[in-house]
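The values are calculated or read from the model by the stated rules, or taken from the named source; none is laboratory data. As the structure is a computational prediction, the values presented were derived from the model and not from experiment. Virtual Cβ from ideal backbone geometry, glycine too; neighbours counted across all protein chains shown.
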């Protein structure tokens, strides 16, 4: 599969090439125009909204297989140098005969004439061209024959001659086949697939909230937590923890003031009991916080994941995978860990301020006025810090998505990057994205340190002033023991106020992740329901009688409202058990027809009848179970081959082997270690593209769907 980056078509062709001088830039532009021409890309540029500045999506998701192959071919033409080596891994397989003829003669034979070209192909008719110096024949991973086309064709028993004879025999059968029914003069139009936004822009910019975190965001998390009652219960648990910490000290003060008349050992036992009870309260509080906050996190993650899984395909066309990973990974991690920790510390610190203030006022009433004044100063500093920190955290999270995108692109396309010698270019791209992210990380940390230092100074000032005033302004009638206890806790007020100020901002900062997750949970467009109540009745009433004919009636489709129709009045009727070929030039709309059948996009007008029933009346899950597709880009998942053939585990080994042998893969799978239990590498890279395609066909046969 060609490496296509999430960039414009022009940038994908240049692939990091640049020029320093004006003369070199002119030559590079001329080479670029030639590469587009010989790769047959100029007609495609005419229909793209932004021409060569059109964004073509992650892994070229908006391009057909032939268009992706030609973009990669144009890139190779740009990078080729006289006397160099150009490896062409079957670029002609993904294009039609007309385009293939143009590419072979204008590009491979013409533009690349000054290079050594190694062309991998199974289209043998090109090998008779005079420019092909030698033909190398491979079988089962070994080189079995080599020579000129004439030399190999002159040997009747050679493998090459057998391949040529097989192709000619197949071609003869095609030539002798008859058309049983004439096509209508006009059956609607299928226009080239274009899935772009605006003037060539495909990927939407990541949305970012501004200003304070809204109450709706807080309500979203509190609802997942279990409502305000659960939060109040957790707040009470935090208060009890503070009381449990305070109770032993109050008991000791009472003991020293001779409030009790029992023996010392008895008091000591009570003090130990109070301490152990406080420890139990602490464990209960920690368990309660962990239980309810993790429950809320699971609920939020499940809801977000369910919404993402049921998004229409257009969402994945316009949203980079790095952005999705960022929401499901980084933002969810903040909700899982940072939010519960910060909220618990905030609750505990807030209760500490209340308890310490109460003890301070009990021995020095003027402490309340003093703390009120300094508390306002703390809140003022918190407001300054809050604005900076909140926006820095938002930008920090947003700028992490490009880092994930570039890393994934570089990792998946490492072979192409090394082959073109573009390590420095992709390294610089990654460094730039990482640099931007690190700048915002530094901004957040600097803001934290700035505020931390000033709050520490203010806390020290509060402690110093309180200590001096308590000594200079004794309270008449207050016991020394109670005064000492009040002084100890009052002196902690400064640090408690500092902690409350810091964690108020920290909690709001983490809630920026909640607002991003809430966007995915509440605002994502959803595809139609997977199941509908009428599904069972439709099957019983229609399908068995109609035997699943397929009818497209004046189908019109737009990918986006402002774009031209991708299908315009497409009408065709297919009988049950009929084998039909859907043909057209590259980008003509063949894949769009498949997409409408799976309801990957909704119709603008017209309807599709499946078994005599409009598919709009089916649940999409029920509909898709009746249809199987062997995709243009074959997909295999890492794991066992068995799981790739039968993901649901409902087929026997005998059925699997029958499907494999029916697809002529029996011998290949038997040669693998473990047979159907053989390991499949990520993306199926331990199989050739052709083998992956046929394995997908075997998987389709095992499903026994009504439509293939």
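The table below lists the values:
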quantity: Residues located in the stretch 398-441, provided they are under 18 Å from the mean Cα position of the chain (by Cα) and not in a helix (DSSP H, G or I); calculated: 399, 413
quantity: Candidates 299, 295, filtered to the one that is more than 11 Å from the chain's Cα centre (by Cα), surrounded by fewer than 19 Cβ atoms within 10 Å (Cβ to Cβ), closer than 20 Å to residue 346 by Cβ and in contact (Cβ under 8 Å) with a residue 60 or more places away in the chain; calculated: 295
quantity: Filtered residue count, the stretch 640-690, keeping only those that are crowded, with 17+ Cβ neighbours inside 10 Å, closer than 24 Å to residue 411 by Cβ and out of contact with any strand residue (DSSP E or B) (no Cβ under 9 Å at 6 or more places or on another chain); calculated: 1
quantity: Residues within the stretch 92-127 that are farther than 21 Å from residue 689 by Cα, in contact with a helix residue (DSSP H, G or I) (Cβ under 9 Å, 6 or more places away or on another chain) and assigned to a loop (DSSP other than H, G, I, E, B), tallied; calculated: 1
quantity: Residue among 19, 74, 37 that is out of contact with any strand residue (DSSP E or B) (no Cβ under 9 Å at 6 or more places or on another chain), modelled with pLDDT of 85 or more and surrounded by fewer than 18 Cβ atoms within 10 Å (Cβ to Cβ); calculated: 37
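One line per residue, one yes/no per condition, for (1) farther than 28 Å from residue 583 by Cα; (2) touching a residue at least 40 places away in the same chain (Cβ under 8 Å):
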| position | (1), (2) |
| --- | --- |
| 11 | yes, no |
| 14 | yes, yes |
| 21 | yes, no |
| 26 | yes, no |
| 32 | yes, yes |
| 47 | no, yes |
| 55 | no, yes |
| 61 | no, yes |
